[in-house]
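Report on the structure given below.
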Amino acid sequence: MQTIPINKIKANPNNPRIIKDDKFFKLVQSLKDLPEMAKVRPVVVNKDMVVLGGNMRLKAMKEAGWKEVPVEVVDWDEDKQRQFIIKDNVGFGEWDWEMLANKWDNEQLKDWGLDVWQPPAEVDYTILDDEDLSDEINDMASGVKKAIQIEFEPEHYEEAFELVKFWREQKLYIGGFLVEKLKQEKEKL
């Protein structure tokens, strides 16, 4: 391992992994809070100083104002480099959510960048059962889109969130799309 000026390292234009928005800023903060992390997990570069592992860490280091970066230089053929880029980014295993909930501080985990599960807020819908309110509620909701809460397991939440965001940006009416898909699946039964 060696430490080199950050401007000598080239981000890999073929990096298939990204970290967006809040998660990226959590990574920046992690590097500010615990810079020693970079020494035990250096950025991996090829002999041309192109990043093979640690593109997002490099980007976060730049954002945090680092001038030098610990790197591990490898001299591998093109196939091995491409293989490493993917294998280094494959997420193996899963979080033991029960252990995290019982043995770790939820706020600390959140501060450290882990998206921790939060129980959904309990909502009292019994007020909606009152027949005297039904006309008033219908009048208030006239022409207003309504929402249904859909639950996701923690490991599916981020993907679902990104997909909904993507389709909203495409101006897709997600409710109608979902109803049609659910009807099609029901007809198959």
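Quick check on the stretch 30-43. Is at least one of its residues part of a strand (DSSP E or B) and without any contact (Cβ under 8 Å) to a residue 40 or more places away in the chain? So far as the stretch 30-43 goes, yes, one or more of its residues are part of a strand (DSSP E or B) and without any contact (Cβ under 8 Å) to a residue 40 or more places away in the chain. Say whether the condition of being among the aliphatic types (A, V, I, L, M) and on the phi > 0 side of the Ramachandran plot is met by at least one residue in the stretch 11-23. For the stretch 11-23, residues among the aliphatic types (A, V, I, L, M) and on the phi > 0 side of the Ramachandran plot: absent. Entry remark, the stretch 85-118: residues being modelled with pLDDT of 70 or more, more than 21 Å from Ile18 (Cβ to Cβ) and among the aromatic types (Phe, Trp, Tyr) number 2 in total.
The values are calculated or read from the model by the stated rules, or taken from the named source; none is laboratory data. Values in this document were obtained by computation on a predicted structure and should not be read as measured data. Positions of Cβ are generated from backbone atoms using ideal geometry, with glycine treated the same way; all protein chains shown enter the neighbour counts.
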